[in-house]
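As structure tokens, the structure follows; a few thoughts come after it.
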Amino acid sequence: MKAAIDKLTWLRAIDAHQMDVSVLPNERRRFLAQVARRSTNQGLERRKERKFPILLAFVAQAVIDQLYEVVALFDQAVSARESRAKSKTDEALIERAKKGETRQLLMDMILPALADPSIPDDEVGGMLRERIGMQRLREITSDAWKPLPRDHGRLSELESSYTYLRQFTPIVLAAIDFQGGPGTGELMEAVALLKELNRTSGRKVPAGAPTGFVPAKYADYLDKARKSGQDTAYRHYWELCVILCLRDGLRSGDVSVPGSRRYADPATYLYTLEQWPPKQAEYCRLVGKPANASDALEQGKQELHAALAELEQTLAGASSDDAGTVRLDEEAHLVVPPLSAEDVPAEAKELRDELAAMLPFAPIASLLIELDARTGFLDCFTHAGGRKLAKSAETKRNILAVLIAMATNLGLARMSDACGVSYDVLAWTMEWYVREETLREANTAIVDHHHQLELAKVFGGGTMSSSDGQRFPVRGKTLTGRNMVIHGGQVLSTYTHVSDQWSTYRTKIIVPTAREAHFVLDDFLGNATDLPIAEHATDTHGATLINFALFDLVGKALTPRMRDLTRVTLVRDDTPTEIAKRYPARATARAEADALTRPAPRSMKGDGAGSRGGPRPGAGHPHRLKARSGGSATMSLFVPR
């Protein structure tokens, strides 16, 4: 953390953050910056007068990247200590539960004796002491049983890391200009006050310090410390609340960092009030949504009731012993069966094995060469210096060697031994040709070619996709990797988007502990292929209420496969009585729950594994809850908007 801030301070000392390079498009600035990163001093000197704009773009980009790194490290360090405090608190709660079991058994012996009027009052004490035993009573009463705070002691446990956090939080607050959005006035006042206390080495928080931003679960710590006159404890708890709320504000967008891309003010990414009206009509036409909010709500209600009417018809026509449909069982429980597996005849399996045996063995290098002849994907690997170099056969060979080494985890050193190309040549090729943007462009060319094949259309039309994350172990220091006990070390997550034609059109590296739902829409909207994707599937970890709204806002459909269907809150637009009158079969299922007030009752259950788990990328429509009515007709349960 200190090293990252030192770099940021040095860049600011040469006024890197004040350089005005707005005349350059963002992509051009990043391009020049990557040229500078890859060039040696001698290489820059050979560029003569071009070296100066390259260096200016590099410095301007470096201060942005370094600012992001400082804020990301701050978030990571605070979150790690909070996670550690949560783990220790959970362990303490487990031990407390064990002791509570012993006390509960003791109460089961005491309460019947106290509630029995036939036992005289002067005999109750002696009888209980004789029945329980003095030794056992002393053991139980020796441990003080204190009531837990609202957060179960998490902030108190985090306070043990106060000295560690103080090693970097003062310099982060001094180096970063945090700006608050609407509703963060008291928090930003507290941040300014904490900066001043750090600057003047103040130890006591003033009596009028703002506390309105403190979450209710932590407020009792401050009240008790203030009433008891413990100024040091109050300072610790108050400062921890400031740091935690500042971290949460950065994540939610309520707090921004000027000069940063990821932590910028969300309003800067939106149209202004003057820019939006001329574009509103065209946007609404593209996404098929009315411009008026009342009309949009009415449209959503119509879609909701259309889906409920279809569900009502299915429930009314299904018998309780029909195992293949969405139905009500004998106890009026709603049952959603899993999708049945595709029945492949034995003759088809034999033919498949026979055809597979006829296929010749194809070395991966030969396969890639033929793929390049069909798609020209190697032309996408352009030189980082921007020069349109004519690729020789040797250059293409080197690029293929680098791709194989990366894809198989063979490494450049072992690939050099295997193919006879020197390590230096392979390293230079990877540095100047194989980059994130060139890999993405090459993958787009392959996906587009695959989409045009007749055989690909057998699997799907390219109108649907799904996404899921995979964890991979990593070594060394990384901002993306996290230590996870379940995986036995440090891992990162690759979030992959796959079409229904089994083509991977986007992959993104994300923090493995982050909610995958935050990244679902990014690559879906950033799709640069020819795939006409209109519907997207995720597992439970990729679905949130806001994602339903965002997909609907851009005219797309989010259809996740939900785990724990009994806990899903369904949406209704009227009172339960009116809904029951309109849909009597659905009301009989007793699966209705008050929207956003309490979880659905445990009266909805699934058959087998069909009610849990996420979609397999590219596996068609496994996420949709379907019921068959009258043979081949299918229906889908509605997705709440």
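If I take R0 = 35 Å and measure r between the Cβ atoms of H541 and A427 in this structure, what FRET efficiency does the formula 1/(1 + (r/R0)^6) give, to the nearest 0.05? Between H541 and A427 the formula returns 0.40. Probing with 1.4 Å while keeping every protein chain in the model, the per residue accessible area of the chain equals 58 Å².
Under 5 Å between amide hydrogens, built in the peptide plane, is the criterion, and for R572 it picks out A595 among residues at least 5 positions away or on other chains. Placing a label point 7 Å from the Cα of H383 along the Cα-to-Cβ direction, the residues of segment 408-434 whose backbone N falls under 20 Å of that point are 422, 424-434.
Which FRET efficiency value, to the nearest 0.05, is calculated for Y271 and A580 with the Förster distance at 60 angstrom and r the Cβ-Cβ distance? Numbers along the way, then the final one.
Values: r = 44 Å, r/R0 = 0.73.
It comes out at approximately 0.85.
From the list (i) 1.10; (ii) 1.02; (iii) 1.07, can you say which value of Rg/Rh (Cα atoms, Kirkwood Rh) was derived from the structure given? Given (i) 1.10; (ii) 1.02; (iii) 1.07, the structure-derived one carries the label (ii).
Could you grab the relative contact order for segment 361-450? Cα pairs under 8 Å, six or more apart, rounded to a whole percent.
Numbers: 69 pairs, mean separation 34.7, N = 90.
It rounds to 39 percent for segment 361-450.
Applied to segment 205-217, the Karplus parametrisation 6.51 cos²θ - 1.76 cosθ + 1.60 on θ = phi - 60° returns per-residue 3J(HN,Hα) values of 7, x, 4, x, 5, x, 9, x, 7, 5, x, 4, 5 Hz, with x for Gly and Pro. Rounded to whole numbers, the Karplus 3J(HN,Hα) couplings from phi for segment 61-71 are 6, 5, 5, 5, 5, 5, 4, 4, 5, 5, 5 Hz, using 6.51 cos²θ - 1.76 cosθ + 1.60 with θ = phi - 60°, and x at Gly and Pro.
Give the ranking of D177, D122, D448 by solvent-accessible surface, highest area first, calculated with a 1.4 Å probe. Kindly include the intermediate steps, with their values, before the conclusion.
Working: D177 80, D122 135, D448 30 Å².
Ranked from most to least accessible, the order is D122, D177, D448.
Between K556 and S319, the distance separating the two model label sites (each 7 Å from Cα on the Cα→Cβ line) works out to 4.4 nm.
Charging the Cβ of each Asp and Glu at -1 and of each Lys and Arg at +1, and nothing else, the dipole of segment 169-252 about its Cα centre rounds to 240 debye.
Residues in segment 125-131 carry Karplus couplings, in order, of x, x, 5, 5, 5, 6, 6 Hz; the curve used is 6.51 cos²θ - 1.76 cosθ + 1.60 with θ = phi - 60°, and Gly or Pro positions show x. Name the residue farthest towards the positive end of the dipole of the chain from the options A456, Y221, P560, assuming +1 on Cβ of Lys and Arg, -1 on Cβ of Asp and Glu, about the Cα centre. Sorting the options by dipole projection puts first Y221.
Solvent exposure of L286, expressed as accessible area, is near 120 Å², computed with a probe of 1.4 Å over the protein chains only. Among F361, F551, the sequence by solvent-accessible area, most first, with a 1.4 Å probe is F361, F551.
So, with a 1.4 angstrom probe, what is the percent of accessible area on the chain that is carbon and sulfur? Carbon and sulfur: 54 percent of the exposed surface of the chain.
Taking every protein chain into account, the 1.4 Å probe leaves K146 with about 140 Å² of accessible area, to the nearest ten.
Placing dummy labels 7 Å off each Cα toward the beta-carbon, the span from D177 to M1 is 2.3 nm.
Quote the relative contact order of the chain in percent (integer), defining contacts as alpha-carbon pairs under 8 Å separated by 6+ residues. Intermediate results must be reported in sequence, preceding the final value.
Working: 776 pairs, mean separation 73.9, N = 641.
So the answer I get is 12 percent.
Database remark: amide H of I509 closer than 5 angstrom to the amide H of Y495 (H placed geometrically; neighbours at sequence offset of 5 or more, or on other chains; Pro and chain starts carry no H). Taking label points 7 Å from Cα along the Cα-to-Cβ direction, E196 and T102 give a separation of 5.2 nm. Estimated at the nearest 10 Å², the accessible area of I171 is 60 Å² with a 1.4 Å probe. Relative to the current alpha-carbon distance between A356 and K146, full extension at 0.36 nm per residue lengthens the span by 68.7 nm. In terms of accessible area, using a 1.4 Å probe and ignoring ligands and nucleic acids, K224, K457 rank largest first as K224, K457. FRET efficiency for the V287 to R28 pair, using the beta carbon distance and R₀ = 30 Å, is estimated at 0.45.
The values are calculated or read from the model by the stated rules, or taken from the named source; none is laboratory data. Since we're looking at a predicted model, the values are computed, not measured. Cβ: placed from backbone, ideal geometry, glycine included. Neighbour counts: every protein chain shown. Keep in mind that these areas ignore ligands, DNA and RNA; they rest on the heavy atoms of the full protein, side chains included. Shrake-Rupley method; radii C 1.70, N 1.55, O 1.52, S 1.80 Å.
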